[in-house]
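Since the structure comes first, as structure tokens, the remarks are kept for the end.
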Amino acid sequence: MLKQSRRVRFFGTMFVAGAVLLTYTLAFELPAQAFSEGTDQAHDFNDGFYRQNGLDPDSPDFRRRFAAHDGITSKETNTTDPTRNKTRILPVNCGYDAAGSVLCYPGPPVFFGEKSFMNNAAGDRARELAEFRAFIFPKADGDPLSPAAPNRRQDNLFETTKGYVGVNPLGLWRLTFVRYTDAAFKPNGKVVKELVPLRDQNGTDLDGTPIIKRLHVLLDLEAQGLVEFNVRPIEEGSEPWVV
């Protein structure tokens with residue numbers, strides 16, 4: 001596990017995938033030695049470990065993002081972790097865990113589709129684990145199913161519940177996109193009274209709507225019909241999941 005600073009937390013045995021770089025910079029401090037003392041966690045997994053845990057790295061819809069070793073997004077360095085390869089991922093993303101604490105993690109190494117699940121027991125288990133959700137917040141006027149940085153109104157929120165830590169060795173996530181519904185707004189465009197305390201507590205995102213930091217709050221808003229969840233269809237080329 002990497003060094004901690006304030007409420008920033010690093011997941012050292014898995015990738016908590018956020019799919020894109022930050023839309024903006026969060027106000028917190030990272031210790032200077034953090035990644036110099038814990039670089040194994042920033043390496044992509046090796047092919048054997050992917051296969052052992054149910055994903056086929058040779059699948060046509062298994063897309064590695066950092067194989068170029070361009071010195072900007074990744075570089076080749078040695079690692080002492082037998083589950084990792086030599087691709088060290090350089091970008092660092094940040095978002096929120098289920099409790100609303102800030103967490104930081106290496107850029108997600110792989111987006112993948114249905115064909116990447118292996119046709120065996122390990123693949124069946126990977127499919128189950130891939131239902132943990134990474135919540136993405138597209139802008140109201142943007143692509144509703146895109147995790148790209150310019151398209152996001154706030155940082156990601158992760159479903160780090162139900163025993164996620166320790167049972168999901170690859171750190172698999174289903175991309176789940178969150179939008180405010182029409183019921184969240186008055187006719188004049190302002191948010192309804194139910195959202196005012198959240199706005200006052202967390203501030204507003206790039207759309208001017210309340211930032212959502214905690215999983216239970218997000219689920220409550222969905223139950224009230226104030227937000228809705230969308231996922232990419234499971235079809236060729238859609239890449240519904242991320243490592």
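Points worth noting:
- For Asn151, net neighbour charge (Lys/Arg +1, Asp/Glu -1) across residues whose Cβ lies under 10 Å away: +1
- Take each peptide in 113-121, 84-92, count the other Cβ atoms within 10 Å of every residue, and average; sorted highest first, the result is 84-92, 113-121.
- Placing +1 on each Lys and Arg Cβ and -1 on each Asp and Glu Cβ, with no other charges, gives region 9-242 a dipole about its Cα centre of roughly 340 debye.
- Cα-based reach from Lys193 at 19 Å (exclusive), listing lysines while leaving out same-chain residues under 8 positions away: Lys213
- Normalised contact order of region 118-193, rounded percent, pairs of Cα under 8 Å and 6 or more residues apart: 37
- Formal net charge of residues neighbouring Val191 (Cβ-Cβ distance under 12 Å; K, R +1; D, E -1): -1
- Between Phe229 and Lys162, full extension at 0.36 nm per residue minus the direct alpha carbon distance yields a gain of 22.2 nm.
- Here region 9-242 is treated as a Stokes sphere of Kirkwood radius computed over C-alpha pairs; at 4 °C and 1.567 mPa s its diffusion coefficient rounds to 70 µm²/s.
No lab work stands behind these numbers, since they all come straight from the coordinates. These numbers come from a predicted model, not from an experiment. Quick reminder, even Gly has a Cβ in these numbers, built from the backbone with ideal geometry, and neighbours come from all protein chains shown.
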